[in-house]
Amino acid sequence: MPSSRTHRLWWWRDRAIGIAVAWLGLMLLVAIFADRLAPYDYAALDLHHRLAAPLGLGGTIAHPFGSDELGRDVLSRLAISIRISLLIAFGATLIGAVLGITLGILAAHFRGWVEQIILGCIDFQASMPFLVLALAVLAFFGNSLLLFVGLIGLHGWERYARVTRALAMSANEHAYVIAVRQLGARPWRVYLRHIMPNIASTLIVTMTLAFPDIILLESGLSFLGLGVQPPLTSLGNMVGYGRDYLTRAPWILVLPSLVISLTTLSISLVGDWLRDRIDKTLS
């Protein structure tokens, strides 16, 4: 029989998962309706109200979250930054997942020298300090949003390739796959119609666990000035601009930092919960 302490732990865990889902739902709504939620143009300057304090710290309803060093409304910039950061994270995660899953399936199907080349690329990618590579590429080729998303998408593709290869090799030994092959099904049909649906749940969990890394990487590069460039804004971009005003106007940095922390924590909690629900060996 589970102890009362175990019951309390599960109760708190369920509450934490519920709060995490609610927070992610809120972030998704903010990203979708950012234009309507933003009371001002996120790039509009108002030097007469620069560094205005938020409500509760002597500010007014005109700028409920305060303003930055150029008088730009922090609430408006925060809403647009959430949209941009989530779009970058979704796009980069999708790129990494598609690349990794494709290479993992190719390695599992062809084996031999094809598998060895792909495994060599996986080991090379895993051993390379990606942040240093990203800094070098962005500094040399300049920055554009598409290049930035594509570069971040290359981060972590090897984990998808490893997981997909292992799952596909295991699925190839199952009786239903052997039977389908004996009936004359082509390889692409076997993988798309029979193997992928059975391993998709594990790959989705892998994506949820990798998503926070993408958000943190985008925030770190934008903080260093090599990510999203003005006039666009992102959460990391806001943190980078707010570091010079930490003592005078901490709300510029604290609010986007809080959003980054809560979002990554929520995604990690939901990812762990999905993993526990899907992987029966952890029960």
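The values are calculated or read from the model by the stated rules, or taken from the named source; none is laboratory data. None of these values were measured; they are calculated from a predicted model. So basically every Cβ, Gly included, is an ideal-geometry build from the backbone, and we count neighbours across all protein chains shown. Each accessible area value is taken on the protein alone, full model and side chains, heavy atoms only, with ligands, DNA and RNA left out. Shrake-Rupley method; radii C 1.70, N 1.55, O 1.52, S 1.80 Å.
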| said: For segment 156-198, compute the orientation-averaged projected area of the C-alpha convex hull (one quarter of its surface), in nm². | reply: 3.0
| remark: Taking the square root of 5λ for each eigenvalue of the C-alpha gyration tensor of the chain, the equivalent ellipsoid has semi-axes, largest first and in whole angstrom, of 42, 25, 15
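Could you check how much of the accessible area of the chain is carbon and sulfur, as a whole percent, using a 1.4 Å probe?
Working: 10690 of 15550 Å².
The value for the chain is 69 percent carbon and sulfur by accessible area.
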| note | Calc'd 3J(HN,Hα), segment 155-165, phi into Karplus 6.51 cos²θ - 1.76 cosθ + 1.60 (θ = phi - 60°), Hz, glycine/Pro = x, comes to 7, x, 5, 5, 5, 5, 5, 4, 5, 5, 4
| task | Project the alpha carbons of segment 180-283 onto their principal axes and report the range along each, largest first, in whole Å. | result | 71, 34, 14
| said: Please compute the per residue accessible area over segment 1-108 with all protein chains in place, 1.4 Å probe, rounded to a whole number of Å². | reply: 57
| note | Rounded to 0.05, the calculated FRET efficiency for the beta carbons of residue 110 and residue 141 at R₀ = 30 Å is 0.35
| task | Using all C-alpha to C-alpha distances in segment 1-154, build P(r) with 10 Å bins and read off the rounded percent in each one. | result | 9, 20, 23, 23, 17, 7, 1
| field | Per-residue [θ]222 nm for the chain (sum of -39500 (n - 2.57) over DSSP H runs n ≥ 4, rounded to 500) | value | -23000 deg cm²/dmol
| request: Write down the Å³ per residue value for the convex hull defined by the alpha carbon atoms of segment 45-96. | output: 81
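Between residue 224 and residue 6, take the C-beta separation as r, use R0 = 51 Å, and let me know the FRET efficiency to the nearest 0.05. Don't skip to the answer; put the middle values down first.
Details: r = 45 Å, r/R0 = 0.87.
The value I calculate is 0.70.
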| message | Quick check on segment 217-262: take the gyration tensor over C-alpha atoms, sort the square-rooted eigenvalues as a ≥ b ≥ c, and tell me if it's rounded (a/c under 1.5), prolate or oblate. | response | oblate
| Once phi is turned into ³J(HN,Hα) by the Karplus curve 6.51 cos²θ - 1.76 cosθ + 1.60 with θ = phi - 60°, what whole-Hz value does each residue of segment 117-125 show in order, with x for glycine and proline? | 5, 5, 5, x, 5, 4, 5, 5, 5
| task | Mind giving me the nanometre distance, one decimal, between the label points for residue 29 and residue 183, set 7 Å out from Cα along Cα→Cβ? | result | 4.6
